[in-house]
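Novice: My questions will all concern the structure given below.
None of the figures in this text is laboratory data; all of them are computed from the coordinates on show. Computed from a predicted model, the values in this text were never measured in an experiment. Quick reminder, even Gly has a Cβ in these numbers, built from the backbone with ideal geometry, and neighbours come from all protein chains shown.
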Amino acid sequence: MTTTTERNRFRIRTYRPGDETAQVEIYNAATAALPGFKPATAEEVARRYRAADFDPGSKLYAESEGRMVGYISFSPNGRISVPWCLAEAAEAREPLMNAALAAMKQRRSSRAWAAYRADWTEVRTLLELCGFRLAHEVVNFVAALAQLAGEAVAPPCCIEPLHRTDLEAVYAIDPTAFGVTSPDELGAAWCDGPYLAADSVFVLRQSPAGEIVAAGLAVTSSQYADPTKIDSAMPCFRLGAIGTESERTKRVNGLFSYVAQTGTENHRFARLLLGEACRRFQRVGILHIAAQCRSDRPVELALFDGPFQRQKSFPIFIRDL
């Protein structure tokens, strides 16, 4: 795709091999003065673009007089970047955003959304000027394992490993909690991915033959990040956190998450699952437990606000298409 806009000043086109170097130069120049700046490299961008599901049509570039001066990208799940441009080509932001939104509409996307650091106020202003609004925040948590009182499961309740045949029942607990739209998609995230161990997910029943009333996740790998040593302000979804199943995630050691029936028993079920997670973490020597929760999930947020300490959060902006 190639279009010419803004009185022929900017030419908008899709990705071509070799665009990575100029793209990185634009991004680093545009973000160097922002808090928490981490320079990108052409090598890491090229690595992402070599993925099997890479879509050249989702990367749009603005050219002026044959030179790349800005770019924007979007994903199948509706996530979109802001239009990053060189300082002298700020006028390219609007045609880039318009081109990206039009391409998303053509693909039958109903909503665009963006996630950036909360302290990138210039980015927030730009998104609002482009018609985006704040939807919610994603809150990160951490707790010292030694400070958590694990609650043991007493009969007739029991905790069992998740089996693929349980997925329909788990999804039915609260379909609104998940970032996928079917039990099959949940199974792809939990059972088929390379980063969650087979025993990471466990279910709670009120009796051995009873219905599943809750499910928990405990992520354990010494190869994953220590939650006390990462920048929690970065807009990174954490592997295993309920609601992130369709996102590219950051792998964090010691993450706990849960989904439980709504109502007065929600927190009791959660504490039983947390107790099981704590025992698992203790066995492998994990010292700190991580969690992540959306601000528009008040029941789960209240659970984590009890024994956990809030870290930083990041905002999610949305725009209907």
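Novice: For LEU134, indicate whether it is in contact (Cβ under 8 Å) with a residue 24 or more places away in the chain and part of a helix (DSSP H, G or I).
Specialist: Judged against the criteria, LEU134 is not a match.
Novice: Sticking with this one: Among the residues of the stretch 155-179, write down those that are surrounded by fewer than 14 Cβ atoms within 10 Å (Cβ to Cβ) and touching a strand residue (DSSP E or B) at 6+ places or on another chain (Cβ under 6 Å).
Specialist: Hits for the stretch 155-179 are GLU160, PRO161.
Novice: Across the stretch 229-256, what is the number of residues that are of a type in the set (Lys, Arg) and in contact (Cβ under 8 Å) with a residue 40 or more places away in the chain?
Specialist: 2
Novice: How do the pairs read when you match residues in the stretch 257-269 that are in contact (Cβ under 8 Å) with a residue 24 or more places away in the chain with residues anywhere that are surrounded by fewer than 23 Cβ atoms within 10 Å (Cβ to Cβ) and of a type in the set (Gly, Ala, Ser), using Cβ under 6 Å and keeping only pairs 6 or more apart or on different chains?
Specialist: VAL259/ALA177
Novice: Taking the residues in the stretch 276-287 that are touching a residue at least 12 places away in the same chain (Cβ under 8 Å) and surrounded by fewer than 18 Cβ atoms within 10 Å (Cβ to Cβ) as candidates, determine which candidate is nearest to CYS130 (Cα to Cα).
Specialist: Filtering first and then ranking leaves LEU287.
Novice: It is to be established whether one or more residues within the stretch 105-113 are out of contact with any Ser or Thr (no Cβ under 9 Å at 6 or more places or on another chain), crowded, with 22+ Cβ neighbours inside 10 Å and in contact (Cβ under 8 Å) with a residue 24 or more places away in the chain.
Specialist: For the stretch 105-113, residues out of contact with any Ser or Thr (no Cβ under 9 Å at 6 or more places or on another chain), crowded, with 22+ Cβ neighbours inside 10 Å and in contact (Cβ under 8 Å) with a residue 24 or more places away in the chain: present.
Novice: For the stretch 236-264, give me each residue that is in a loop (DSSP other than H, G, I, E, B) and within 20 Å of VAL170 (Cβ to Cβ).
Specialist: Selection gives LEU239, GLY240, ALA241, ILE242, GLY243, THR244, GLU245, SER246, GLU247, GLN261, THR262, GLY263.
Novice: Follow-up. In the stretch 211-239, which residue that is under 23 Å from PHE74 (Cα atoms) and out of contact with any Asp or Glu (no Cβ under 6 Å at 6 or more places or on another chain) is surrounded by the most Cβ atoms within 10 Å (Cβ to Cβ)?
Specialist: The selected residue is LEU239.
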